[in-house]
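Following: one structure in structure tokens, then a few remarks.
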Amino acid sequence: MDEFILIDGATGYLGSHLTNQLRCQGRNVRCLVRKESSAEDVRVLSDSGAEIVRGSMADEQECEQFFQGARYAVHLIGSIAPPKGQTFVDLHQNLSRAFAQAAKRSGVQKILLVTALGTSADAVSQYHKTKWLAEEEVRKVGLRYTILRPSLLVGRLFGRRDSKLVRRLLQLIDDKPFVPLINGGANKIQPLFIKDMVEAASRCLSDSYDGETIELGGSTVLSMRRFVEALQEVVGKRKPIINLRPEAGKLVASLMEMVQEVPTLSKDQVVLSMSDNICQANGLSRILGTDGSSLDEALGTYRRESTG
């Protein structure tokens, strides 16, 4: 393969959309996927024309060979709820260190790291705090880099994945008699259409925005409650939204963490739900030249799926 872009976490929601976006632009993409990744997820990537390699970031010798010849490397691995036996530090900081060091040893010219809006050294949640540690591993490795911190990603244009939060909300709307939200969903969010996210990411895979950490949010700020109501309107199902107090949420989350391999709700997610998640300085317009797509356009992709 000629010079290419390496993407890890490519079977995920953002990874599959970004892979497709880059392939549509005619760019060569190599996807590093876990050996246990599902055949269907891998097929989605290979059908787009991406090269597939299987391996683990935790295996230094194995993964380094996959970086050879890459000009850019994109690190996407992360989760709001690590599986049993894995910590946020393992998943975010340690794998980011392994990624950055493998990229440097292999001659990669630039790293694109995607973390999350709200990431900071003094964050209340472990998710955001360890995302900061992941960023620091990239900053100190000595390569050119751009770090993107997107808000909640919404919409689906490719593949079969959604963000974990949106997938869970849609399942609740479909299957349950009500939708529980921490504090009734009073916290504010700034959802970002996946189309705008992958376009911004693809533009950062160049010699632009080097050394920058950029927040990305959508054109609309609204409460989580209003967002769920908008989702319900799109799929044509209305369920009562109930106020789940944080103390009760943490109790439910503790039980789920005990019995589920990947908890549907974690205590850290309860902490995340108690704060607003909106941009202090939205960089989307600087990268794309517009304020981004409307929330209606993003949510409309679920309407087309439900009626198609």
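For segment 218-308, rounded, prolate or oblate, judged on the Cα gyration tensor with a ≥ b ≥ c (square roots of eigenvalues), a/c < 1.5 rounded, else prolate if a/b > b/c?
Oblate is the answer for segment 218-308, as a/c is 1.5 or above yet b/c matches or exceeds a/b.
Which whole DSSP H helices in the chain pass both tests: a Cα extent of 18 Å or more along the axis and a mean Kyte-Doolittle value no lower than 0.5?
Taking the DSSP H segments of the chain (at least 18 Å long, mean hydropathy at least 0.5), we get 246-259.
Compute the separation of the alpha-carbon centres of segment 138-197 and segment 53-109 and state it in Å as a whole number.
About 22 Å separates the Cα centre of segment 138-197 from the one of segment 53-109.
Please state the shape class of segment 179-240: rounded when a/c is under 1.5, otherwise prolate if a/b exceeds b/c and oblate if not, all from the C-alpha gyration tensor.
prolate
Ordered by packing density, taken as the mean number of other Cβ atoms within 10 Å over each peptide's residues, highest first, how do 164-172, 105-113 rank?
105-113, 164-172
Mind grabbing the base-10 log of I(q)/I(0) for segment 1-112 at q = 0.14, 0.23 Å⁻¹? Debye formula, identical points on the C-alpha positions, no solvent, two decimal places.
-0.51, -1.38
Stretch Ser37-Ala58 to full length: gain in nm at 0.36 nm per residue minus the Cα-Cα span?
The Ser37-Ala58 span can extend by a further 6.0 nm.
Treating only the Cβ of Lys, Arg, Asp and Glu as charged (+1, +1, -1, -1), what charge dipole size does the chain show about its Cα centre? Round to the nearest 20 debye.
Dipole magnitude for the chain comes out near 480 debye.
If packing is taken as the average number of other Cβ atoms within 10 Å across a peptide's residues, how do 184-194, 231-241, 260-270 rank, most packed first?
Top of the packing list down: 184-194, 260-270, 231-241.
Please compare each pair in Lys129/Lys195; Lys164/Lys250; Lys188/Lys267; Lys84/Lys131; Lys104/Lys267 to a cut-off of 30 Å on the Cα-Cα distance and tell me which ones are over it.
Exceeds cut-off: Lys104/Lys267.
Can you tell me how segment 98-162 classifies by the Cα gyration tensor, rounded, prolate or oblate, using a/c under 1.5 as the rounded cut?
Oblate is the answer for segment 98-162, as a/c is 1.5 or above yet b/c matches or exceeds a/b.
Full extension from Ala121 to Leu251: what is 0.36 nm times the residue separation minus their Cα-Cα distance, to one decimal in nm?
Length difference between fully extended and current span is 44.1 nm.
Taking K and R as +1 and D and E as -1, what net charge do the other residues with C-beta under 12 Å from the C-beta of Ser223 add up to?
Here the count lands on +1.
Every number here is computed from the coordinates shown, using simple stated rules; none is lab data. If you're wondering where the values come from, they're calculated on a predicted model, not measured in any experiment. Every residue, glycine as well, gets a Cβ built from its backbone with ideal geometry; the counts of neighbours run over all protein chains shown.
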